[in-house]
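Trainee: Dropping a structure here in structure tokens format, bear with me for questions.
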């Protein structure tokens, strides 16, 4: 396509391109809160502030916070001795990590998304009620590690797909319950839940689903815009679960080309040969400036018509930890 675009530019007529700009997109309230916790902790305590794991899964966000004085570690034993503030990421941590921080007399701030904390509370309540707990999620994801770590080993069984749901053998068929990772595909999760309900009719579900509002909203708008597009671009990191799910949702909704990119420099322009319409969205941990940079990159090559495509307005807000609420910007 690059040669086609170039030839039309030489004639003074860049080719047309419709960009359907999805909304809601980008930062959710949990990500906004987590990033603010790091920034305000830096203002209050001064650098360095240590963060256990990536605060959110986005390299641009991480690099920006690194420049301000944040230091990212994978485990608490990487934090040197001293009164250094430590922040737990938005994905949540196991109880053992919190216990370790207390035992080391660390000053720590918990940036766990409140909707992830809700799942942690559900797991503890269900365990006290004597339920066998199934967690639908992806092995190795930090949120799943943190949720399973709310209870002693062996008390939560991870179900990743339909195959595992079909072959799972419960210890208590009449006392089963389901919780889920917050960033899953809505449709895929429903398929797993329906299979488990068919096998175990008395299985206990949560009154309000665990998949978060932002994941749901971003997937719903992609479902509607995907059939209109030759391709869908999702701005997000490859280790971002909700961003990966957006690509899958676009493909399932009828768009054969779904691209997950982190930055405008990652765009392979040859992939858009003969395309006339693109859907553009961003995962819940991708900042808006990356979306705008991609729009400008398209403007340099095409006659772009940006069409907003909005399904719902979001107004969710999560309070900062009490100890940071008085920190001025």
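Trainee: Counting other C-beta atoms within 10 Å, which of 298, 27 has the fewest, and how do the rest follow?
Mentor: 298, 27
Trainee: Under the classification rounded if a/c is under 1.5, otherwise prolate if a/b is larger than b/c and oblate if not, where does the range 1-120 fall, given a ≥ b ≥ c as square roots of the Cα gyration tensor eigenvalues?
Mentor: Because a/c hits 1.5 or more and a/b exceeds b/c, the range 1-120 counts as prolate.
Trainee: With a 10 Å radius around each residue's Cβ, average the other Cβ atoms per peptide and rank 262-271, 241-250, 38-47, highest first.
Mentor: Highest mean packing first, the order is 241-250, 38-47, 262-271.
Trainee: Once fully extended, how much extra length lies between residue 163 and residue 121, figured as 0.36 nm per residue of separation less the alpha-carbon to alpha-carbon distance?
Mentor: Using 0.36 nm per residue and subtracting the Cα-Cα distance, I get 12.3 nm.
Trainee: Give me 311, 169, 189 ranked fewest to most by other Cβ atoms within 10 Å of their Cβ, as a rough exposure proxy.
Mentor: Least crowded to most crowded, the residues run 169, 311, 189.
Trainee: Treating the angle as unsigned and between 0 and 90°, give the value, to the nearest 10°, between the Cα long axis of helix 59-68 and the longest Cα principal axis of the chain.
Mentor: Long axis of 59-68 versus the principal axis of the chain: about 70 degrees.
Trainee: What number, in percent, do you get for the relative contact order of the range 115-199 if the mean sequence gap of Cα pairs under 8 Å and at least 6 apart is divided by its residue count?
Mentor: 38 percent
Trainee: Per 5 Å bin, what is the whole-percent P(r) computed from every C-alpha pair distance within the range 139-243?
Mentor: Computed distribution, short to long bins: 2, 10, 18, 22, 20, 13, 8, 5, 2, 1.
Trainee: Further question on the same structure: Please arrange 106, 148 by counting, for each residue, the other beta carbons lying within 10 Å of its beta carbon, fewest first.
Mentor: 106, 148
Trainee: Any idea what angle helix 29-45 forms with the longest principal axis of the chain, computed on alpha-carbon atoms, 0 to 90 degrees, nearest 10?
Mentor: Helix 29-45 sits roughly 70 degrees off the main axis of the chain.
Trainee: Before anything else, pin down the relative contact order of the range 29-113: Cα pairs under 8 Å, at least 6 apart, normalised by residue count, whole percent. Could you put the intermediate results ahead of the total?
Mentor: Working: 137 pairs, mean separation 29.4, N = 85.
Taking the mean separation of contacting Cα pairs over the length of the range 29-113, I get 35 percent.
Trainee: Classify the range 115-199 as rounded, prolate or oblate from the Cα gyration tensor: take a ≥ b ≥ c as the square roots of its eigenvalues, call it rounded if a/c is under 1.5, otherwise prolate when a/b beats b/c and oblate if not.
Mentor: Oblate, because a/c is 1.5 or more while a/b does not exceed b/c.
Trainee: Can you give the angle from 0 to 90° between the axis of helix 288-299 and the longest principal axis of the chain, with both taken from C-alpha atoms, to the nearest 10?
Mentor: The helix 288-299 is inclined about 20 degrees to the chain.
Read-outs: derived from the displayed coordinates by stated rules, not from any lab. These numbers come from a predicted model, not from an experiment. We place every Cβ from the backbone using ideal geometry, glycine too, and count neighbours over all the protein chains shown.
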